[in-house]
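Working notes, beginning with the structure itself.
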Amino acid sequence: MPVLVVVGAQWGDEGKGKVTDLLCEQADLVVRYQGGNNAGHTVENLRGKFALHLVPSGIFNPNIISIIGNGVVIDPTVLRAEIDDLESRNVNTRGLKIAGKAHLIMPWHIMLDHVQEARLGVGKIGTTGRGIGPCYADKAARQGVRIQDIIDPVGFRQKVMATMEAKAEVMAKAYDQDVSSLKEECERYIEAAESLRPYIDDTALLIWNSLREDKRVLLEGAQGTMLDLDHGTYPYVTSSNPVAGYASVGSGIGPIEFSEVWGITKAYTTRVGEGPFPTELSDDTGVCLREVGNEFGTTTGRPRRCGWLDLVALRYAVRINGFTGLCITKLDVLDTLDTIKVCTQYKYKGELLDELPPAQAIFTEVEPVYEELPGWKSDITGTRSVQDLPQEAIDYLNFIVRHVRVPISLISVGPKREEHIKVPHPDYSQRASGGHAGRQQ
Ligand code: IMP
């Protein structure tokens, strides 16, 4: 049975939202497996424009079950507001299911996120300030609050208030914070969490049963490989694992179920927040990429740092995730450039590196080694087949494939839904499960 995992191959914001939205047509279940409302994407359809941070984009199709998996951290007030917005615009949210094991972001997490960033000063991570890191830290420290806890409303309230008081004491004493608003904030969070009760389910069982009925499952990661807590540019990372391996943990299904893993990469690179970025451009080309590509954060509105495509980092993402296909997004953003540079190696103290260096201290100092390719200098947004692309664009894509050795499955050539090219490559939903050991029935 086909299960497709969709993973960001760079530092997030690769255009996963659009790809997932397109792939939803071939799915019965869409599962988000990590992250929280640090992620965000805009979906534009006949019902209007929607900014989604937590609800999977499968929600617009009434035949799809949209799951927020156990690996996600949920700010209940944000999820409540998202559901209310969808319902008020006639999008039925009955297909939404939330894993009972998912952890809740609480007001103290958000406060701590801001406090810790402020204390780091120039060494700050540049987080989205949504409480993501402190919530995952509490989860690992076994001090978290899970959404299933609302099944016992009295116990839930006691647990929230007791945890809040303990956290407030630390924040007031150690960090000199004004914690007077926390109690009232917690009331709002408790109310929002309780309102989500109808959506809670045993989602891992639901997925398991659906797979036994030969349903098709799309597992959707947030952020990207280079922001992965274990495999990214630590400590300038998010606090969860966007990589494909975590799709199993964050949804509750065994990895042997996966039939395909697709990596999403822009035709260039962007990064939000602090941390090393070897191909970053601080010249006019960087400004051009930001403006043409509208590179401003969906969640925080921050301008994104822009640079050339980094094939060393992309090869790394291929290896860490085991990509079987690539989706290249925003190819049209390069339409006006005379020449396009691509980083194929790094240089460190005169030595050429084909792989990401094993130590972060070295990664911050590597210089990119570029190859330069001619631009195509024409508008490709109306193109719907690879053959109709300008030869220079085809050469650019072939160059990428030659270097990363993964076939391209999809190319996005514009922001609109229809502005994409499906590359003849076996449709994941039709794939037989023969690529891996058979599943026990
Ligand atoms: P946090 O996830 O809010 O803790 O932020 C940690 C780092 O991940 C920061 O550099 C953020 O800018 C970055 N980050 C988090 N979520 C996203 C995303 O969805 N897209 C791009 N960067 C992100």
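Every read-out reported here was derived from the displayed coordinates using simple, explicitly stated rules and does not represent laboratory data. Note that the structure is a prediction, hence the values are computed from the model and not measured. A quick note on method: Cβ atoms are made from the backbone with ideal geometry, for glycine too, and the neighbour counts reach across all protein chains shown.
Observations on the structure shown:
- By the count of other C-beta atoms within 10 Å, a proxy for reagent exposure, E365, E185 are ordered fewest to most as E365, E185.
- C-alpha center-to-center spacing [the range 122-168, the range 61-86] in angstrom: 19
- Around M171: net Lys/Arg minus Asp/Glu count, Cβ-Cβ under 12 Å: -2
- Converting phi to 3J(HN,Hα) with the Karplus coefficients 6.51, -1.76 and 1.60 and the offset θ = phi - 60°, the range 309-315 yields 5, 10, 6, 5, 5, 5, 4 Hz in sequence order, with x at every glycine or proline.
- Note on the range 103-197: lysine pairs with Cα distance below 20 Å, sequence gap of 8 or more or different chains, count 6.
- Modelled spin-label separation between N61 and R319, with each label point placed 7 Å from Cα along the Cα-to-Cβ direction: 3.5 nm.
- For the chain, relative contact order (Cα pairs under 8 Å, six or more residues apart, normalised by length) works out to 20 percent.
- Exposure proxy order (Cβ contacts within 10 Å, fewest to most) of R304, R402: R402, R304
- Order of M111, M171, M161, M106 - criterion: other Cβ atoms within 10 Å of each residue's Cβ, fewest first: M161, M171, M111, M106
- Each DSSP beta bridge with both residues in the chain is either parallel or antiparallel, and the antiparallel ones are about 40%.
- Highest mean packing comes first when the peptides 79-92, 11-24 are listed by Cβ atoms within 10 Å, giving 11-24, 79-92.
- More than 41 Å apart - percent of Cα-Cα pairs taken over the chain: 16
- Kirkwood Rh and Cα Rg combined as Rg/Rh, the range 103-197: 0.98
- Take the Cα of E372, step 7 Å toward its Cβ, do the same at E184, and the gap between the two points is 6.1 nm.
- Using a cutoff of 8 angstrom between alpha carbon atoms and counting only pairs six or more residues apart, the relative contact order for the range 51-117 works out to 38 percent.
- Counted charge near N294, where neighbours are those whose Cβ lies closer than 15 Å (Asp, Glu -1; Lys, Arg +1): +1
- From its DSSP helices (H runs of at least four residues, each -39,500 (n - 2.57)), the chain gives a residue-normalised ellipticity at 222 nm of -9500 deg cm²/dmol.
- Contact order, relative form, for the range 103-197: 31 percent (alpha carbon pairs under 8 Å, 6 or more residues apart, mean separation divided by residue count).
- Spatial offset of the range 342-373 relative to the range 229-254 amounts to 24 Å, using the alpha carbon center of each.
- Here, the range 161-288 yields an orientationally averaged convex hull projection of 13.1 nm² when only Cα atoms define the hull.
- Listed residue pairs exceeding 20 Å between alpha carbons, taken from K16/K266; K341/K422; K97/K422; K266/K349; K18/K215; K18/K330: K341/K422; K97/K422; K266/K349; K18/K215
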